[in-house]
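S.K.: If you scroll down you'll find the structure; I have some questions about it.
Rule-based calculations on the coordinates, nothing more; no lab input. Note that the structure is predicted; figures quoted are calculated from it, not measured. Cβ placement follows ideal geometry from the backbone for every residue including glycine, while neighbour counts extend to all protein chains displayed.
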Amino acid sequence: MDFREKMEQEYREILINYLKNQSEQSLYQGQLFSRHTLEQKISPEEIVSLHKSLLLELYPEVPESVLHSFDILLEVMMGYGVAYREHQSLRNKQMELRTEMEIAANVQQTLLGTSIPDVEGLDIGALSVPAKHMNGDYFHFVVDENNCINVAIADVIGKGIPAALCMSMIKYAMDSLPENRNAPNLVLESLNRVVEQNVDPSMFITMFYGMYNPENHTIYYSSAGHEPGFFFQKETEEFSELEARGLLLGIDKKTKYLQFEKEVLPGDMIILMSDGVTECRTEEGFLEKEELIGYIRKYIHLSAQEIVNNIYKDLERLQHFQLRDDFTLIIIRRNV
Amino acid sequence: MGNQSCVKILNEWDIVAARQLGRNVAKELGFGTVDQARITTAISELARNIYLYAGQGQICIEKIYDGGKAGLKIIAADNGPGINDIRQVMEDGFSTSGGLGAGLPGVKRLMDEFDIDSSPGSGTDIIATKWLR
Ligand SMILES: Nc1ncnc2c1ncn2[C@@H]1O[C@H](COP(=O)(O)OP(=O)(O)OP(=O)(O)O)[C@@H](O)[C@H]1O
Ligand SMILES: [Mg+2]
């Protein structure tokens, strides 16, 4: 018996039962029946037609007018049938897109991959999580020839695929910087020229670039409009903003950047982030700086990576597990 | 051949005439009610497109036979502006109505075979066939 015959028979039984007793049980059978027909991709107009022919078979004396009325129902259902088939095909397409996106996200991860350096005297933790599949945030560590630890954190204004594509370009621009890195402000100036030339004029990038010199325990840094980081001073147990000003990358190719420096004493911490951390929306509005500091204090006894991971978990929960923006947090602590 | 009858599409009421012609031929060939409705829906969509976008044209219905099979062929032809990007209009979800009508992808699904020939300036010819199973 092929599916159509089975379907007819099943529908006939359900119909007969219901006409006899109008029970909830038969209605439930009807609901189950639709699961089978949907599974077999039967269109609604076919059900209408089946209903009409069964009615005639069961009640040969059914008035003509009742039978004719099904012609209208069938015609109306045609439109739904077409929409149903379009839905199926769009569903398949969406599945393909999803798979493609997942592959693209993996490719991006490989492309942008950076490892957190293991440096004596420093405790470093970093985490970057995309809101959707693709990440528009980026961080990058390089230990250069002078043993300086270079750290970059960047955020494309915009989200999703365009932002991610843009970030891949930045990564290549960074890779082609000379081995012995220039000062942070010069790095930003050279990246700014790349972005200005190659990226869509509507796309801007913020970046913080820092260079930690383990000889004199000083961090030299510059910022291109990036979310300001924090500095934690162990001696006073106080947090302060890492002050740095600068125009976003990609606005004006002649932009000059200022360089700042800060001495890092044992136990001090540098905290860098993307705006996905501070613009984490909660029921009460944006996350206040004070609140973020509160989270850092809560975990301050842990290692840098554990602090970062725990803060991410807390903020994720705070946003009911729906990130609205890419999240990146980096903590660098000078060991005591 | 000689199995062809045509309806000119000049105004909205001609869409109904084209449907009627299609239904009569489908009945004669022995199509069931569901397939009749699919064929007339396809004709409606094609005729409506002619009326809306080309202003005028015609719909011809032809009985065709291939070996032991019988079928119905719809030929929609106009000398209107033509379609620039056929691939795009054949994409699901593209129609201007946002999927309220079957649109051209819908016509393709309702019928067994579908062929479109159109270029800007030289009008549009669409041929769609349904075989009797
Ligand atoms: N005969 C025609 N001549 C010129 N352009 C046409 C013709 N038929 C279709 N088109 C173009 O192709 C597009 C897609 O047509 P289609 O029938 O798929 O969707 P639609 O008419 O926009 O919306 P609906 O879902 O209501 O049918 C139309 O918007 C129109 O631009
Ligand atoms: Mg249309």
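S.K.: Greater than 23 Å separation of Cα atoms is the criterion. Which listed pairs, A:52/A:93; B:8/B:63; A:20/A:41; A:132/A:253; A:132/B:108, meet it?
M.R.: In this structure, A:52/A:93; A:20/A:41; A:132/A:253; A:132/B:108 lie more than 23 Å apart at Cα.
S.K.: List the aspartates and glutamates whose alpha-carbon lies under 18 Å from that of residue A:254, not counting same-chain residues fewer than 8 positions away?
M.R.: A:189, A:196, A:200
S.K.: For chain A, what does the helix formula give at 222 nm: sum of -39500 (n - 2.57) over DSSP H segments with n ≥ 4, over the residue count, nearest 500 deg cm²/dmol?
M.R.: -16000 deg cm²/dmol
S.K.: Turning to a different aspect of this structure: Just to confirm my numbers, what's the Cα centroid distance between segment A:180-202 and segment A:217-241 in Å?
M.R.: 22 Å
S.K.: Moving on to the next point. Using just the helices of chain B, give the 222 nm mean residue ellipticity in deg cm²/dmol: DSSP H runs with n ≥ 4 each add -39,500 (n - 2.57), and the total is spread over all residues, rounded to 500.
M.R.: When only DSSP H runs of four or more count, the value is -10500 deg cm²/dmol.
S.K.: Another one. From other protein chains only, count the Cβ atoms within 10 Å of every residue's Cβ in A:78-89, then give the mean.
M.R.: Mean inter-chain Cβ contacts per residue within 10 Å come to 6.
S.K.: Could you compute the net charge surrounding residue A:18? Neighbours are other residues with a C-beta less than 15 Å from the C-beta of residue A:18; K and R count +1, D and E count -1.
M.R.: Every neighbour counted, the sum reads -1.
S.K.: Something else: Work out the mean other chain Cβ neighbour count within 10 Å for the residues of B:100-113 and drop it here as an integer.
M.R.: 3
S.K.: Something else: Along Cα→Cβ, 7 Å out, is where each label goes; now give me the distance between the ones at residue A:175 and residue A:28 in nm to one decimal.
M.R.: Going from the residue A:175 label point to the residue A:28 one covers 6.1 nm.
S.K.: Rounded to the nearest Å, what's the spacing between the alpha carbon centres of segment A:92-154 and segment A:26-55? Just the number, please.
M.R.: 51 Å
S.K.: Residues with beta-carbon under 13 Å from that of residue B:33, excluding residue B:33: net charge, scoring Lys, Arg +1 and Asp, Glu -1?
M.R.: -1
S.K.: Where a Cα-Cα gap under 17 Å defines reach, which lysines qualify for residue A:298, not counting those fewer than 8 residues away within the same chain?
M.R.: By straight Cα distance, residue A:298 reaches A:234, A:289, A:313.
S.K.: Could you tell me the calculated FRET efficiency between residue A:6 and residue A:278, based on Cβ-Cβ distance and R0 = 60 angstrom, to the nearest 0.05?
M.R.: Working: r = 60 Å, r/R0 = 1.01.
Approximately 0.50, to the nearest 0.05.
S.K.: Now, a different point. With all distinct Cα pairs included, what does the Kirkwood hydrodynamic radius of the protein assembly as shown come out to in Å, to one decimal, could you say?
M.R.: Value: 28.0 Å, from the Cα pair sum.
S.K.: Turning to a different aspect of this structure: Report the full-extension gain for the segment residue B:28 to residue B:90: residue separation times 0.36 nm, less the Cα-Cα distance, to one decimal in nm.
M.R.: Gain on stretching residue B:28 to residue B:90: 19.2 nm.
S.K.: Residues with amide H under 5 Å of residue A:267's amide H, sequence separation 5 or more or different chain, H placed in the peptide plane at 1.01 Å from N; which?
M.R.: Amide H neighbours of residue A:267, under 5 Å, 5+ apart: A:334, A:335, A:336.
S.K.: If the only charges are +1 at each Lys and Arg Cβ and -1 at each Asp and Glu Cβ, what is the size of the charge dipole of segment A:114-334 around the Cα centre, to the nearest 20 debye?
M.R.: In debye, rounded to 20, segment A:114-334 gives about 480.
S.K.: To continue, here is another question. In whole Hz, with x marking every Gly and Pro, tabulate ³J(HN,Hα) for segment A:166-171 from phi via Karplus 6.51 cos²θ - 1.76 cosθ + 1.60, θ = phi - 60°.
M.R.: 4, 5, 4, 5, 4, 4
S.K.: Across chain A, where is the longest run that never hits GluC sites (Glu not before Pro) in a DSSP loop with at most 10 other C-beta atoms within 10 Å?
M.R.: A:1-60
S.K.: Taking the radius of gyration and the Kirkwood hydrodynamic radius from Cα positions alone, what is the Rg/Rh ratio for chain B, to two decimal places?
M.R.: 0.95
S.K.: Report the percentage of all Cα-Cα pairs in segment A:3-93 whose separation exceeds 20 Å, rounded to a whole percent.
M.R.: Here the long-distance tail beyond 20 Å is 44 percent of all Cα pairs in segment A:3-93.
S.K.: Considering every residue in B:25-37, what mean count of other chain Cβ atoms within 10 Å of its Cβ is obtained?
M.R.: Details: counts 0, 0, 0, 0, 0, 0, 0, 3, 9, 12, 2, 4, 10.
Averaged over the peptide's residues, the number is 3.
S.K.: 5 Å is the cut-off here: which amide hydrogens, built 1.01 Å from N in the peptide plane, fall below it relative to residue B:70, excluding neighbours closer than 5 in sequence?
M.R.: So residue B:70 has HN proximity to B:132.
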